[in-house]
1. Just to verify a result, which residue in region 90-114, among those that are open to solvent by less than 40 Å² (accessible area, probe 1.4 Å) and not in a helix (DSSP H, G or I), is farthest from Cys17 (Cα to Cα)?
2. With respect to Lys45, is the statement that it is in contact with a Cys (Cβ under 7 Å, 6 or more places away or on another chain) and open to solvent by 70 Å² or more (accessible area, probe 1.4 Å) true?
3. Give region 32-84 a look and list any residue that's more than 17 Å from Cys17 (Cα to Cα) and either within 13 Å of the chain's Cα centre (by Cα) or of a type in the set (A, V, I, L, M, F, W, C) (or both), or say none.
4. Conditions: (1) under 22 Å from Leu33 (Cα atoms); (2) in contact with a helix residue (DSSP H, G or I) (Cβ under 6 Å, 6 or more places away or on another chain). Gly102 meets all but one. Number of the miss?
5. Return a yes/no flag: does region 63-85 have any residue that is surrounded by 15 or more Cβ atoms within 10 Å (Cβ to Cβ) and either part of a loop (DSSP other than H, G, I, E, B) or among the charged types (D, E, K, R) (or both).
6. Being open to solvent by 40 Å² or more (accessible area, probe 1.4 Å) and in a helix (DSSP H, G or I) narrows it down to one of Glu51, Glu29, so name that one.
7. When you go through (1) assigned to a loop (DSSP other than H, G, I, E, B); (2) surrounded by 15 or more Cβ atoms within 10 Å (Cβ to Cβ) one by one for Glu145, which number turns out not to apply?
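The values are calculated or read from the model by the stated rules, or taken from the named source; none is laboratory data. Just so we're clear, the structure is a prediction, and the values are computed from it rather than from any experiment. Cβ atoms come from the backbone with ideal geometry, glycine included; neighbour counts cover every protein chain shown. Keep in mind that these areas ignore ligands, DNA and RNA; they rest on the heavy atoms of the full protein, side chains included. Shrake-Rupley method; radii C 1.70, N 1.55, O 1.52, S 1.80 Å.
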Amino acid sequence: MTSHSDLIVRFAEPSDCTVLFELIQGLAEYEKLSDAVTGNAQALKDHLFGEPKYIEAILAEIAGQTVGFALFFHNYSSFLTKPGIYLEDIFVLPEYRRQGIGKALLTKLAKIAVECNCRRLEWSVLDWNISAQTFYRNMGADVLENWRTCRVTEEGLRQLANQ
């Protein structure tokens with residue numbers, strides 16, 4: 001178990017984009033979706049630190065090595081008329097799991113949400129990832145069984161926009 005004195009959770013800086021993108025590639029490999037990664041570290045940097053700023057990220061470090069991340073953006077609940085945070089990705093390198101790092105990332109994200117007066121922290125989890133679902137439930141999350149993700153991408157998005 002990693003002690004809290006060894007673990008630092010902090011906001012990403014522009015110089016972190018290469019290692020952050022490598023972790024995103026590690027997440028894609030873990031989820032068996034490596035072929036879905038078409039972006040790059042420069043685009044990530046533009047979206048994290050450019051104008052407009054689309055996303056934010058926090059990193060988990062042990063002894064100067066980045067071992068995990070959470071990438072998120074703000075959303076809004078019309079029913080609550082309150083802002084929220086959507087956690088796009090959370091990932092800890094396999095060799096650093098079960099050391100409290102994922103919990104530290106989610107805890108930091110919850111603190112950010114509370115500081116921003118958000119009423120929700122939401123994310124998706126793959127149906128086959130039972131260990132992640134168990135972890136999230138243990139952290140106090142509800143896995144919403146009656147909701148499905150809808151997505152329109154690339155050509156479908158262009159077709160929809162041109163209707």
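1. Gly100
2. Details: in contact with a Cys (Cβ under 7 Å, 6 or more places away or on another chain): yes; open to solvent by 70 Å² or more (accessible area, probe 1.4 Å): yes.
So Lys45 passes the test.
3. Leu33, Ala36, Ile62, Ala63, His74, Phe79, Leu80
4. Failing condition for Gly102: (2).
5. No, region 63-85 has no match at all.
6. Working: Glu51 fails: in a helix (DSSP H, G or I).
Sole residue among the options that is open to solvent by 40 Å² or more (accessible area, probe 1.4 Å) and in a helix (DSSP H, G or I): Glu29.
7. Failed condition: (2).
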